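What follows is a single structure, written as structure tokens, with notes after it.
The values are calculated or read from the model by the stated rules, or taken from the named source; none is laboratory data. For clarity, every value in this text was computed on a predicted model and none was experimentally measured. Virtual Cβ from ideal backbone geometry, glycine too; neighbours counted across all protein chains shown.
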Amino acid sequence: MPVHIETSRAMDFDNKVVIITGASAGIGAETAIAFAKHSAKVVLVGRNEEALNTNASKCEEVKGIQPLIVKAELTNDEDVKRVISTTIEKFGRIDVLVNNAGVGICGSIREGIEPFDRAINTNVRPAYLLTSLATPYLVQSKGNIVNVSSIAAFKPIKDVDFLPYCMSKAALDQFTRCLALELGKDGVRVNSVNPGGTKTNFVEACGISKDEKEELFKVREQSFPLRKMAKSEEVADLILYLASDRASSITGSTFVIDNGEMLL
Ligand SMILES: NC(=O)c1ccc[n+]([C@@H]2O[C@H](COP(=O)([O-])OP(=O)(O)OC[C@H]3O[C@@H](n4cnc5c(N)ncnc54)[C@H](OP(=O)(O)O)[C@@H]3O)[C@@H](O)[C@H]2O)c1
């Protein structure tokens with residue numbers, strides 16, 4: 001008897017346009033490749049042009065679909081607006097927005113307001129503005145949004161002054177929930193992915209050198225319940241699933257991927 005395969009719920013992004021911020025490195029770069037493998041037209045957003053070009057070539061190699069690169073400093077509103085206008089000019093639609101760009105900003109309460117402003121201006125404000133500008137197109141396509149948050153949204157991180165970062169990611173999760181409620185009636189889903197320690201250059205933004213980073217990874221791996229850290233590709237797989245039709249009943253949710261770090 002022939003086997004019927006349900007294609008409408010497949011992880012297929014044929015002709016779908018997916019914007020990924022922070023696609024020049026780490027989780028965002030692997031997310032772009034994952035979507036490209038599933039036939040999406042990807043829009044790679046970031047600041048490092050060389051890294052964006054390298055990743056765009058990797059994306060194009062998979063299925064021969066040329067990605068759009070938008071070099072953008074996301075703390076600059078004009079650059080954020082250009083992400084949407086260039087995407088519409090080139091592809092005419094938006095199906096998925098992955099708000100992934102972010103930095104680890106340390107700072108104790110004793111350092112005053114500057115680290116807080118930096119955390120909000122980088123990790124929250126661009127996602128809000130970009131989403132606001134993308135919403136009419138997402139409503140049209142009945143698309144969805146995946147915000148890349150962190151387990152730092154749920155709990156303070158021991159031994160680091162991570163207050164501004166934790167607050168910024170908690171804000172992002174509440175953005176996910178409020179937005180899911182607001183856009184649900186329009187058929188637009190919104191979810192968060194909340195990684196724990198993941199092997200990327202993320203910690204370098206906190207002033208940790210490459211050598212120190214390897215040492216830190218070893219120590220952290222030994223402390224996690226599963227004795228390992230996540231790879232960017234694993235986080236990318238979760239983002240891809242949430243953005244796909246297989247997750248059509250999932251909205252307003254936060255998904256932890258952390259090798260058990262939350263249990264510590
Ligand atoms: N790695 C972890 O352990 C971990 C854990 C939990 C959550 N996360 C979250 O995962 C997301 C991705 O981080 P990652 O680990 O992949 O770090 P990463 O390797 O340092 O990548 C960060 C990306 O964000 C982009 N970016 C940062 N600030 C930007 C700005 N102002 N304008 C435009 N692009 C900007 C970077 O672009 P350029 O390089 O081009 O400047 C880069 O592509 C972040 O939101 C982070 O908070 C990471």
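Can you tell me how many residues within segment 80-135 are within 11 Å of the ligand (Cβ to nearest atom) and either modelled with pLDDT under 95 or surrounded by 19 or more Cβ atoms within 10 Å (Cβ to Cβ) (or both)? Give the steps one after another, and end with the answer.
Here is the first cut: in segment 80-135, the ones within 11 Å of the ligand (Cβ to nearest atom) are 80, 83, 98-105, 118-119, 121-127, 130.
Filter again for either modelled with pLDDT under 95 or surrounded by 19 or more Cβ atoms within 10 Å (Cβ to Cβ) (or both), leaving 80, 83, 98-102, 104-105, 119, 122-124, 126-127, 130.
So the count comes out to 16.
Anything in segment 48-64 that is surrounded by fewer than 16 Cβ atoms within 10 Å (Cβ to Cβ) and touching a residue at least 12 places away in the same chain (Cβ under 8 Å)? List them, or say none.
First, the residues of segment 48-64 that are surrounded by fewer than 16 Cβ atoms within 10 Å (Cβ to Cβ): 48-51, 53-54, 57-58, 60-64.
Correct list: ASN48, GLU49, ALA51, ASN53, LYS58, GLU60, VAL62, LYS63.
Among the listed residues VAL43, VAL18, which satisfies the condition of being in contact with a strand residue (DSSP E or B) (Cβ under 7 Å, 6 or more places away or on another chain), closer than 21 Å to ASP245 by Cα and without any contact (Cβ under 8 Å) to a residue 60 or more places away in the chain?
Values: VAL18 fails: without any contact (Cβ under 8 Å) to a residue 60 or more places away in the chain.
Going through VAL43, VAL18 in turn, just one is in contact with a strand residue (DSSP E or B) (Cβ under 7 Å, 6 or more places away or on another chain), closer than 21 Å to ASP245 by Cα and without any contact (Cβ under 8 Å) to a residue 60 or more places away in the chain: VAL43.
If I filter segment 11-51 down to residues being in a helix (DSSP H, G or I), in contact with a Pro (Cβ under 8 Å, 6 or more places away or on another chain) and closer than 21 Å to SER192 by Cβ, which single residue comes out as nearest to the ligand (Cβ to nearest atom)? Spell out how you get there, then give the answer.
From segment 11-51, those in a helix (DSSP H, G or I) are 26-37, 49-51; that's our starting set.
Adding the requirement that they be in contact with a Pro (Cβ under 8 Å, 6 or more places away or on another chain) leaves 27, 32, 36.
Going one step further and asking which of them are closer than 21 Å to SER192 by Cβ, we end up with 27, 32.
On the way: ILE27: 4, ALA32: 10 Å.
Per the stated criteria, the residue is ILE27.
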Here are ARG93, ARG82, ARG47: which of them is of a type in the set (Lys, Arg) and under 22 Å from SER149 (Cα atoms)?
ARG47
Can you work out which of the residues in segment 66-79 that are farther than 16 Å from ALA29 by Cα and more than 9 Å from the ligand (Cβ to nearest atom) is farthest from the chain's Cα centre (by Cα)?
GLU78
VAL235 being at pLDDT 95 or above and under 20 Å from ASN100 (Cβ atoms)
yes
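Is there a residue in segment 138-146 that is touching a helix residue (DSSP H, G or I) at 6+ places or on another chain (Cβ under 9 Å), buried (at least 18 other Cβ atoms within 10 Å of the Cβ) and more than 24 Å from LYS185 (Cα to Cα)?
Residues of segment 138-146 touching a helix residue (DSSP H, G or I) at 6+ places or on another chain (Cβ under 9 Å): 138-139, 142-146.
The next check asks that each one be buried (at least 18 other Cβ atoms within 10 Å of the Cβ); those that pass are 138, 143-146.
Right, trim to more than 24 Å from LYS185 (Cα to Cα) and you get none.
The answer is no; no qualifying residue exists.
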Which of the residues belonging to segment 199-230 are within 13 Å of the ligand (Cβ to nearest atom), assigned to a helix (DSSP H, G or I) and either closer than 19 Å to VAL256 by Cα or not charged (D, E, K, R) (or both)?
PHE202, VAL203, ALA205, CYS206, LEU216, PHE217, ARG220, GLU221
Hey, can you tell me all the residues within segment 162-182 that are farther than 19 Å from VAL139 by Cβ, polar (S, T, N, Q) and more than 12 Å from the ligand (Cβ to nearest atom)?
GLN174
In the set GLU204, GLU182, GLU221, GLU214, the lone residue that is within 20 Å of the chain's Cα centre (by Cα), surrounded by fewer than 16 Cβ atoms within 10 Å (Cβ to Cβ) and without any contact (Cβ under 8 Å) to a residue 40 or more places away in the chain is GLU204
Would you please name the residue that is farthest from the ligand (Cβ to nearest atom), looking only at residues in segment 231-251 that are of a type in the set (Ser, Thr, Tyr) and in a helix (DSSP H, G or I)?
TYR241
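Residue-wise test of (1) touching a Ser or Thr at 6+ places or on another chain (Cβ under 8 Å); (2) under 20 Å from THR135 (Cβ atoms); (3) without any contact (Cβ under 8 Å) to a residue 40 or more places away in the chain.
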| residue | (1), (2), (3) |
| --- | --- |
| ASP186 | no, yes, no |
| ASN191 | yes, yes, no |
| THR198 | yes, no, no |
| THR251 | no, yes, no |
